[in-house]
Amino acid sequence: MRLDGKTAIVTGGASGFGAGIVRKFVAEGARVMIADINGDAARAMASDMGDGVLAQTVDVGDGASVQAMADAALSAFGGLDILVNNAGVTHLPTPMEEVSEDEFDRVVRVNMKSVYLTARALVPHMKSRGTGAILNIASTAGVSPRPRLNWYNASKGWMITATRTMAVELAPDGVRVNALNPVAGETPLLKSFLGEDTPEMRAKFLATIPLGRFSQPEDLGNAACFLCSDEASMITGVAMEVDGGRCI
Ligand SMILES: NC(=O)c1ccc[n+]([C@@H]2O[C@H](COP(=O)([O-])OP(=O)(O)OC[C@H]3O[C@@H](n4cnc5c(N)ncnc54)[C@H](O)[C@@H]3O)[C@@H](O)[C@H]2O)c1
C-alpha cells in the first residue's frame with residue numbers, strides 16, 4: 001500500500017499505459033480519477049474497479065474541460081496528491097513535410113498544451129498545500145528519435161524540457177515533477193508507430209530493444225508508482241527510461 005491515502009488523476013487512463021498506471025495506483029491504495037476523452041471506456045473501467053475510482057470525460061487540450069476535471073477531482077477527493085499527464089497521440093509515420101497541419105495541431109494540443117492546461121488548473125492547489133507529484137509520460141522518442149515521426153518526437157522532447165523546468169520552479173513549493181520515457185509498448189497506440197503492424201515491422205522495432213521485448217502497461221505502472229510515492233521524495237526533474245535499454 002505504497003500510495004495509501006493518496007489521490008490521483010491519470011489522464012488517458014482508460015487505455016494502454018494509463019490503464020496500467022491506474023491499476024497499479026489502485027492496488028497500492030490510491031483513490032484515482034480516470035480522466036479520458038473516451039468517457040464510456042473510463043466509466044466501464046471505473047465501475048469494474050469499485051469504490052475510490054472515478055471516471056471523468058475530459059479533452060486535455062481544452063482549457064474549460066481540464067478546469068472541470070480539476071474541479072471535479074478536488075470536490076470528490078478534497079485534495080490532489082498526484083497528477084499523471086499520460087494522454088497522448090501521434091501522427092502516422094510520414095515524411096515531416098507531409099504531415100497535415102491538422103495532424104500537427106492535434107499532436108501539439110494533446111501532447112503539449114495539455115501539460116500547460118493541467119498545470120494552470122492544479123499547480124496552484126499543490127502549491128497551496130506545499131506538496132504534490134506530477135508525472136509526465138514522455139517517450140524514448142524525445143531522446144532517441146526514429147525518422148518519420150518528427151513532430152511526435154519533438155512534442156516528447158518538449159515534454160522532457162517542460163518536466164525539468166517545472167521541477168526546478170516548483171521545488172521550493174514541495175511539488176516534484178518527473179517524466180517516464182517508455183519504449184514502444186503493447187498498447188492500442190503501437191500500430192500507429194509501426195505504420196504497418198506486421199511481424200517484420202515488430203521484429204525491426206524489437207531488434208533495437210536490448211531486453212528483447214516491448215514495454216507493457218504494468219512496467220509503466222510500476223515505475224509511475226515509485227516516482228509518485230514518498231519513496232521518491234528526493235527525486236525531481238528526472239526523465240526515466242522504461243525502455244529495456246533502447247536509449248543506451
Ligand atoms: N505505446 C507506445 O508505444 C508508447 C511509447 C512511448 C510513449 N507513449 C506515450 O504513452 C502515453 C499513453 O499511450 P498509450 O500507448 O497507452 O496510448 P493509448 O492510445 O492506448 O491510450 C491513450 C488514451 O488517451 C486518451 N486520449 C486521447 N486523446 C485524449 C484527449 N484529447 N483528452 C483525454 N484523453 C485522450 C485515449 O482515449 C486513450 O484512452 C502517450 O502519451 C504516448 O505518447 C506510448
(request) Among the helices (runs of 4 or more DSSP H) lying completely within the range 159-248, list those that include at least 3 residues that are buried (at least 18 other Cβ atoms within 10 Å of the Cβ). (result) 217-228
(request) Mind listing just one residue for me: the one in the range 73-90 that is within 13 Å of the ligand (Cβ to nearest atom) and either surrounded by fewer than 24 Cβ atoms within 10 Å (Cβ to Cβ) or not polar (S, T, N, Q) (or both) and, of those, nearest to Leu180 (Cα to Cα)? (result) Val84
(request) Output the number of the condition that Ala72 fails; it satisfies all remaining conditions of (1) touching a residue at least 40 places away in the same chain (Cβ under 8 Å); (2) within 24 Å of Gly221 (Cβ to Cβ). (result) (1)
(request) Return the pairs, sorted by first residue and then second, in which the second residue is at pLDDT 95 or above and in a strand (DSSP E or B), the first residue lies in the range 26-43 and is farther than 16 Å from Met69 by Cα, the beta carbons are less than 8 Å apart, and the residues are 6+ apart or on different chains. (result) Val26/Val32; Val26/Val53; Ala30/Thr7; Ala30/Ala8; Ala30/Ile82
(message) Test of understanding: among Ala55, Ala70, which residue is more than 9 Å from the ligand (Cβ to nearest atom) and out of contact with any strand residue (DSSP E or B) (no Cβ under 6 Å at 6 or more places or on another chain)?
(response) Ala70
(request) Go through the residues of the range 98-108 one by one and say whether even a single one is surrounded by 16 or more Cβ atoms within 10 Å (Cβ to Cβ), acidic (Asp, Glu) and either in contact with a strand residue (DSSP E or B) (Cβ under 6 Å, 6 or more places away or on another chain) or free of Cβ contacts under 8 Å to residues at least 60 places away in the same chain (or both). (result) yes
(message) Condition check: among the small types (Gly, Ala, Ser), within 21 Å of Val22 (Cα to Cα), within 16 Å of the ligand (Cβ to nearest atom) and under 14 Å from the mean Cα position of the chain (by Cα). Does Ser114 satisfy that?
(response) yes
(request) Give the residues of the range 91-111 that are within 13 Å of the ligand (Cβ to nearest atom) and more than 17 Å from Asp59 (Cβ to Cβ), sorted by residue number. (result) His91, Pro93
(request) Please go through the range 14-28 and pick out each residue that is closer than 12 Å to Ile82 by Cβ and assigned to a loop (DSSP other than H, G, I, E, B). (result) Glu28
(message) Let me spell it out: the conditions are (1) more than 15 Å from the ligand (Cβ to nearest atom); (2) assigned to a loop (DSSP other than H, G, I, E, B); (3) not hydrophobic (A, V, I, L, M, F, W, C), and Lys127 meets all of them except one. Which number is the exception?
(response) (2)
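The values are calculated or read from the model by the stated rules, or taken from the named source; none is laboratory data. As the structure is a computational prediction, the values presented were derived from the model and not from experiment. No Cβ is skipped: glycine too gets one built from the backbone with ideal geometry, and neighbour counts run over all protein chains shown.
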